[in-house]
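Participant: Got a structure here, written out as structure tokens. Questions coming.
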Amino acid sequence: MNDALDVALRLLIVFVVFLTFPLIVGQTEHKVMAHMQGRLGPMYAGGFHGWAQLVADGVKFAQKEDVVPAGADRRIFQLAPAVALLPYLLVLLAIPIGPGEGAVGEVIDAGVFFVLAVMGVGVLGSLMAGWASANKFSLLGGLRTAAQLLAYELPMLLTAASVAMAAGTVSLPGIVDAFEWWWLPWQIVGAIVFFVAGLAELQRPPFDMPVADSEIIFGAYTEYTGLRFALFLLAEYAGIIVLCGLTTVLFLGGWHGPWGADGLGWVWTLLKTAVLAFVVIWLRVTYPRLREDQLQKLSWTLLVPLSLAQIALTGIVKVVIQ
Amino acid sequence: MSLASLPLTVAAPETHGFLSPTGVEIAFLLVGLVTFGAALITVTTRQLVHAALWLVVTLGGLAVEYLLLTAEFIAWVQVLIYVGSVVVLLLFGLMLTKAPIGRSPDADSGNRWAALTVAVASAAALVWVVVDAFRTTWIDLDGPAAGSTEATGASLFQNWVLPFEALSVLLLAALVGAIVLSRKAKAESASPPVNSRAVSGGSPSVPDSRNHPIRRKEPVTGTRATTGSGSTTGTGSTPGTASTPGTASTTSAGTAPGAGSATGAESAAGAKPATAAESAEQEGAR
């Protein structure tokens, strides 16, 4: 009974995090982008600096009519948002925020492989949406999504493998346990490649050609309205949380901080994740969108060689220090 | 332990019989049935993209079976490689070439009886070999996981190094072969064949999916030439075949409003240097 209660409580906490954190990131994005552009951003909803803007947006989305185009493949069209969103919920289960058994939804033996595998499944949602909409802009968006995923999955995997080599384990808590401060300069190339490839996999600017509004309206999500559209947006922001959390855990030492990890380890994890999320927003405001061929070139001619070099470096250092 | 097997760990009986199955065995059978059903639908459905999506269910079901056998590492790699990459590649290929919504009347091949024979024969061979090899082997699901990452790695790199390396060489050969093939195709694409299907018209629901401008450069230059003012010189300078896809794409632009501008934007976004040089030549000729 106690075990069941424990499992239920963990699932509930992860679910609450899954529902609130993306909204916090979204609200931060509204405000940060506004201030970087000399605006104020939302100011009215909820009273204090427009804190309830995204809640109001959610109510608005829920009221809209749920339209399925006449020529669309109904079932796949309706299934796609769930396929895009659920993987991120599963990934959140496996990300540890503090030391010990208590601070992770579920300890998974091959955690690195689990999170990367399940994150890759989420892209199927965009592909299904792009195909099932019976709209050529949607189809183009789906094509670009697929091409982007194929290009960026490899550097992400290779850099994650580099960290796993350094730690000697593929379990996420195990990797953070083995972390030392000098891993930061040792794995810095891998960290940057991982983060950039993750951004591309999430289709965040400057890698947002699949939803490039000036070219193909909104890519695979063009035909979506109401709640299903909101679910796709929620998937994007949940993806930001997952990517920043993973980069923190794999490369930035998770709950390790300058003054030890006693008691306040989870604060360090959340702080690092928040700083990375800020960087994601910052990049969106700073960089223009890459072109499709520039994107492919960046992956195959820069990120893949860099991640291979990182693996070689990791291997050499690992052999030398043993 | 893994998520899926968490509520299913029931104490295994001392003697293994088929009449008193444990919870894990029942779950294994049920998931197996679902996987088998999804596999059947994959090969029998007449909707191409649905087949690819049922393949996702099939491969995911296999991953769950691995999980139930405590082979966690293999399960996640199965999801990562097959669901995350192979199926995405498959869908990409389908969308790029031919992905109509609804039934494809030409989805069935005339060779299906030969294919069925080969499939049944290879399945029978596999089942026979596996049953013969593991006849009385039982996995103790309560003990330390027999398929954990550590156990898999140790077994792979101690007992099975030679097959592993042989497979690596095979993959390397495939990689080199793919590069050689693509380079050859590039050299031949100086005179591209007419896309006959583009003339006969694509599926009505996805209007322009067959003569898609991303892959072929001829329709793009053709559109440019016909939309420009001096169209006769532009079309004349390209090889004779180019005029056909050009007209095809202009007619589709007429049926679906805004399609022409989309092709134009697409060519501007994804045009390779070679295409740009070609169109520059045309401008010069004009």
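Participant: Can you list the chymotrypsin sites (Phe, Trp or Tyr not before Pro) in the range A:1-94 that are in a DSSP coil and have 12 or fewer other beta carbons within 10 angstrom? Before the final figure, lay out each step's value.
Facilitator: Details: sites: A:Phe15, A:Phe18, A:Tyr44, A:Phe48, A:Trp51, A:Phe61, A:Phe77, A:Tyr88; in loops: A:Tyr44, A:Trp51.
Taking the range A:1-94 and a limit of 12 other Cβ atoms within 10 Å, the loop chymotrypsin sites (Phe, Trp or Tyr not before Pro) found are A:Tyr44.
Participant: Calculate the spin-label point distance for B:Ile81 paired with B:Ile26, positioning each point 7 Å from the Cα along the beta-carbon direction, and give it in nanometres.
Facilitator: The answer from the label model is 3.4 nm.
Participant: Here's a follow-up. Only loop residues by DSSP count here, and only those with at most 14 other Cβ atoms within 10 Å; note down the GluC sites (Glu not before Pro) in the range A:62-165 that meet that.
Facilitator: Working: sites: A:Glu65, A:Glu101, A:Glu106, A:Glu153; in loops: A:Glu65, A:Glu106.
In loop regions of the range A:62-165 (DSSP not H, G, I, E or B), the sparsely surrounded GluC sites (Glu not before Pro) are A:Glu65.
Participant: With a bin width of 20 angstrom, please list the P(r) values of chain A as percents of all Cα-Cα pairs, from the 0 bin to the one holding the largest distance.
Facilitator: 30, 59, 11, 0
Participant: For the full complex of protein chains and a 1.4 angstrom probe, list A:Tyr287, A:Tyr224 by accessible area with the highest value first.
Facilitator: Working: A:Tyr287 130, A:Tyr224 10 Å².
Ranked list, largest accessible area first: A:Tyr287, A:Tyr224.
Participant: Hey, with R₀ at 60 Å, roughly what FRET efficiency would A:Val319 and A:Phe48 work out to, going by the Cβ-Cβ distance, to 0.05?
Facilitator: Values: r = 56 Å, r/R0 = 0.94.
It comes to 0.60.
Participant: Chain pair A, B: how much accessible area is buried, both chains summed, with a 1.4 Å probe, in Å² to 100? Provide the component values of the computation, followed by the final result.
Facilitator: Details: alone 15690 and 19230 Å², together 31300 Å².
Between A and B, the summed buried area is about 3600 Å².
Participant: Hey, another quick one. Provide Rg and Dmax in Å for the range A:259-322, with only Cα atoms included in the calculation.
Facilitator: 18.0, 48
Participant: Quick one: plug the Kirkwood hydrodynamic radius of the range A:178-237 (C-alpha pairs) into Stokes-Einstein at 4 °C, 1.567 mPa s, and report D in µm²/s. Please report the intermediate quantities before stating the final value.
Facilitator: On the way: Rh = 13.8 Å.
Estimated diffusion coefficient is 94 µm²/s.
Participant: Right, next: What is the pair-distance distribution P(r) of the range A:121-257, computed from all Cα-Cα distances in 5 Å bins starting at 0, with each bin given as a whole percent?
Facilitator: Bin by bin from 0 Å, the calculated values are 2, 10, 18, 20, 15, 11, 9, 8, 5, 2, 0.
Participant: Continuing with this model, one more query. What distance in nm separates the two pseudo spin-label positions at B:Asn111 and B:Leu181, each 7 Å out from Cα along the beta-carbon direction?
Facilitator: Once both label points are built, they end up 1.4 nm from each other.
Participant: Mind giving me the nanometre distance, one decimal, between the label points for A:Phe278 and B:Glu150, set 7 Å out from Cα along Cα→Cβ?
Facilitator: The modelled label-to-label distance comes out at 4.0 nm.
Participant: Measuring with a 1.4 Å probe in the full set of protein chains, what accessible area per residue, in whole Å², belongs to chain A? Kindly include the intermediate steps, with their values, before the conclusion.
Facilitator: Numbers: 13880 Å² over 322 residues.
Dividing the accessible area of chain A by its residue count gives 43 Å².
Participant: On the accessible surface of chain A, probed at 1.4 Å, how many percent belong to carbon and sulfur atoms? Walk me through the numbers before you get to the answer.
Facilitator: Working: 9830 of 13880 Å².
So the carbon and sulfur contribution to the accessible surface is 71 percent.
Participant: How large is the Kirkwood hydrodynamic radius of the range B:50-133, counting all unique pairs of alpha carbons, in Å?
Facilitator: Working: mean 1/r = 0.0654 Å⁻¹.
So the Kirkwood estimate lands at 15.3 Å.
Participant: Report Rg(Cα)/(2.2 N^0.38 Å) for the range A:1-139, keeping two decimals.
Facilitator: Details: Rg = 19.0 Å, N = 139, 2.2 N^0.38 = 14.3 Å.
Normalised by 2.2 N^0.38 Å, the Cα Rg of the range A:1-139 equals 1.33.
Participant: Could you tell me the largest-minus-smallest coordinate of the C-alpha atoms of the range A:191-306 on each of the three principal axes, in descending order and whole angstroms?
Facilitator: For the range A:191-306, the Cα extents along the three principal axes come out at 50, 40, 21 Å.
Participant: Can you give the mean number of other chain Cβ atoms that lie within 10 Å of the Cβ atoms in peptide A:69-75?
Facilitator: Partner Cβ neighbours, averaged per residue: 3.
Participant: From the C-alpha coordinates alone, can you work out the Kirkwood hydrodynamic radius of the range A:245-296, in Å? Could the numbers behind the result be given before it?
Facilitator: Values: mean 1/r = 0.0787 Å⁻¹.
Answer for the range A:245-296: a Kirkwood hydrodynamic radius of 12.7 Å.
Participant: Sketch the reach of a paramagnetic label on A:Leu11 as a point 7 Å from Cα along Cα-to-Cβ, and name the residues of the range A:69-90 whose backbone nitrogen lies under 20 Å away.
Facilitator: In the range A:69-90, the label zone of A:Leu11 (backbone N under 20 Å from the point 7 Å along Cα→Cβ) covers A:82-90.
Participant: Within the accessible area of the range B:110-166, what % is carbon and sulfur when the probe is 1.4 Å and the other protein chains stay in place?
Facilitator: Working: 3300 of 4710 Å².
Reported share for carbon and sulfur atoms: 70 percent.
Participant: May I ask you to derive the FRET efficiency for A:Trp300 and B:Leu172 from their Cβ-Cβ distance with R0 = 25 Å, giving the value to the nearest 0.05? Before the final figure, lay out the partial values.
Facilitator: Numbers: r = 18 Å, r/R0 = 0.70.
It comes out at approximately 0.90.
The values are calculated or read from the model by the stated rules, or taken from the named source; none is laboratory data. For clarity, every value in this text was computed on a predicted model and none was experimentally measured. Using ideal geometry, Cβ is built from the backbone for each residue, glycine included, and neighbour counts are taken over all protein chains shown. Please note that ligands, DNA and RNA were not included when accessible areas were found on the heavy atoms of the full protein model with its side chains. Shrake-Rupley method; radii C 1.70, N 1.55, O 1.52, S 1.80 Å.
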